[in-house]
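The values are calculated or read from the model by the stated rules, or taken from the named source; none is laboratory data. None of the values given here were measured: they were computed from a predicted structure. Every residue, glycine as well, gets a Cβ built from its backbone with ideal geometry; the counts of neighbours run over all protein chains shown.
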Amino acid sequence: TQLLEQSPQFLSIQEGENLTVYCNSSSVFSSLQWYRQEPGEGPVLLVTVVTGGEVKKLKRLTFQFGDARKDSSLHITAAQPGDTGLYLCAGEKLVFGKGTKLTVNP
Amino acid sequence: GAGVSQSPSNKVTEKGKDVELRCDPISGHTALYWYRQSLGQGLEFLIYFQGNSAPDKSGLPSDRFSAERTGGSVSTLTIQRTQQEDSAVYLCASSLDSVLSSYNSPLHFGNGTRLTVT
């Protein structure tokens, strides 16, 4: 069974700080997706990474897929209160991590 | 266009009763997925449909859970003889193609049904 471990589980920071969250597995994935979920809503896709070593940027968010395609990271620069939410990674076999709950305080 | 619609948005039921949760996927999406999310937790995969057939039922927690999809569109998730541990948010998602065949088919989620079993 493929498992995705996300860390940290909770993160509370001040507006303007930078942060990185991680998604790790012992299994190789052909692709990996990052979603953000806000309270009372379903997750919304942020990005899909496919190639080992790939880096994708979405405004202040930078996503990286590990060379061995077993891990990924999400880095947020100058976090804003609007970034608050649950960040989930998912592998192509419908496996989701437990998420990182991010709170950005004004 | 309309997104994935789930109903009801909230359901409170007594232990032992049966419940039906409904999902209307995005028109034209061939794949449909059900997940369960306990408070603040990640998503637990339950079942997915490709068209009207369910190739993977491995995630259903017990035989009290069943799901069907008709006309390649609407799906219902039925929980019989509900238990308190069934309390959770049940999320439905759809995608244009199965994620097992194409990574270019992201999941589009509904807002979920919050089920509370008292």
Among the residues of segment A:2-17, which ones are part of a loop (DSSP other than H, G, I, E, B) and either of a type in the set (D, E, K, R) or free of Cβ contacts under 8 Å to residues at least 60 places away in the same chain (or both)?
-> A:E15, A:E17
Just one listed residue, out of A:A90, A:A68, is loosely packed, with under 13 Cβ neighbours inside 10 Å and touching a residue at least 24 places away in the same chain (Cβ under 8 Å), and it is A:A68
In segment B:50-79, how many residues are surrounded by 14 or more Cβ atoms within 10 Å (Cβ to Cβ) and within 12 Å of chain A (Cβ to nearest Cβ)?
-> 2
Candidates A:G91, A:G82, A:G66 - the one that is of a type in the set (G, A, S) and within 12 Å of chain B (Cβ to nearest Cβ) = A:G91
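One line per residue, one yes/no per condition, for (1) more than 30 Å from A:F10 (Cβ to Cβ); (2) not in a loop (DSSP other than H, G, I, E, B):
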| site | (1), (2) |
| --- | --- |
| B:K11 | no, yes |
| B:K17 | yes, no |
| B:E68 | yes, yes |
| B:D97 | yes, no |
| B:N111 | no, no |
Using beta carbons and a limit of 8 Å, which pairs, at least six apart or on different chains, have the first residue in segment A:24-41 and within 9 Å of chain B (Cβ to nearest Cβ) and surrounded by fewer than 16 Cβ atoms within 10 Å (Cβ to Cβ) and the second one among the polar types (S, T, N, Q) and part of a loop (DSSP other than H, G, I, E, B)?
-> A:G40/B:N111; A:E41/B:N111
Exactly one of B:L115, B:L21, B:L91 is under 30 Å from A:F10 (Cβ atoms) and either facing chain A (nearest Cβ under 10 Å) or not in a strand (DSSP E or B) (or both), and that residue is B:L91
Just one of A:T20, A:T62 is touching a His at 6+ places or on another chain (Cβ under 6 Å), in contact (Cβ under 8 Å) with a residue 24 or more places away in the chain, among the β-branched types (V, I, T) and in a strand (DSSP E or B); which is it?
-> A:T20
Any residue in segment A:81-99 that is of a type in the set (F, W, Y) and either at pLDDT 95 or above or part of a loop (DSSP other than H, G, I, E, B) (or both)?
-> yes
Which ones in segment A:71-80 are crowded, with 17+ Cβ neighbours inside 10 Å, out of contact with any Gly (no Cβ under 9 Å at 6 or more places or on another chain) and in a loop (DSSP other than H, G, I, E, B)?
-> none
